[in-house]
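The values are calculated or read from the model by the stated rules, or taken from the named source; none is laboratory data. The model shown is predicted, which means the values in this text are computed figures rather than measured ones. For neighbour counting, all protein chains shown are included, and Cβ atoms are generated from backbone atoms with ideal geometry for every residue, glycine included.
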Amino acid sequence: MEAAIFIGLQASGKSQFYKERFFNSHVRVSLDLLKTRSKEAKMIGLCLETNQPFVIDNINPKVEDRARYIQLAKSHDYRVIGYFFEPNVSESLKRNELRAKPERVAKVGIFTTLKRLQRPSLDEGFDQLFIIRSGPENTFVVEPYRQEALGESQQSGSTHPE
């Protein structure tokens, strides 16, 4: 079985990517939909109990945010794949403006997440990592995540220059 963990800013295209790539094969677990950690835990528990592949469609900016999902999935012999949505603030702000008003995120939320965002690493327990970039005409470019190509400062945390 497989657990996919999305990592990225609000309005980076995570939910759209889910619809395009995982809708027919994986359960979507999202705090936007479930609203509480308790409901989220129940949904993940049901997926694990029934051997259902699932996607964690949250921002998951920090290593510790991702750790709970990785540890739980690994303890049930799931393969854990990470999808890092390369930060593109201008693209996220555009996508956010296209959302219906109740679904919009305050701009400050996007910038706050950017400051907290830590690049993922295989050392966290991922079996595989991919980087997702915005492509032309609302498409996505998916590439293997090459951790060794990153600078030391990017590997340890910040995804943007100070």
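See the values below:
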item: Restricting region 101-128 to residues that are part of a loop (DSSP other than H, G, I, E, B) and charged (D, E, K, R), the residue that is surrounded by the most Cβ atoms within 10 Å (Cβ to Cβ); result: 119
item: Selection from region 1-26 of residues that are among the hydrophobic types (A, V, I, L, M, F, W, C), in contact with a strand residue (DSSP E or B) (Cβ under 6 Å, 6 or more places away or on another chain) and within 26 Å of residue 111 (Cα to Cα); result: 4, 5, 6, 7, 17
item: Unmet requirement for residue 136, which otherwise passes all of (1) modelled with pLDDT of 95 or more; (2) within 21 Å of residue 21 (Cβ to Cβ); result: (1)
item: Matching option when the condition is modelled with pLDDT of 95 or more, of a type in the set (D, E, K, R) and closer than 19 Å to residue 127 by Cα, among 28, 37, 66; result: 66
item: Complete set of residues in region 52-78 that are touching a Phe, Trp or Tyr at 6+ places or on another chain (Cβ under 9 Å), over 21 Å from residue 11 (Cβ atoms) and assigned to a loop (DSSP other than H, G, I, E, B); result: 53, 78
item: One residue from 92, 12 being assigned to a loop (DSSP other than H, G, I, E, B) and either crowded, with 22+ Cβ neighbours inside 10 Å or in contact with a Cys (Cβ under 9 Å, 6 or more places away or on another chain) (or both); result: 12
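Here is a yes/no grid of residues against (1) touching a Lys or Arg at 6+ places or on another chain (Cβ under 8 Å); (2) surrounded by 13 or more Cβ atoms within 10 Å (Cβ to Cβ); (3) free of Cβ contacts under 8 Å to residues at least 40 places away in the same chain; (4) within 25 Å of residue 89 (Cα to Cα):
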{"site": "16", "(1), (2), (3), (4)": "no, yes, no, yes"}
{"site": "28", "(1), (2), (3), (4)": "no, yes, yes, yes"}
{"site": "33", "(1), (2), (3), (4)": "no, no, yes, yes"}
{"site": "39", "(1), (2), (3), (4)": "no, yes, yes, no"}
{"site": "54", "(1), (2), (3), (4)": "yes, yes, no, no"}
{"site": "57", "(1), (2), (3), (4)": "yes, yes, no, yes"}
{"site": "60", "(1), (2), (3), (4)": "yes, yes, no, yes"}
{"site": "66", "(1), (2), (3), (4)": "no, yes, no, yes"}
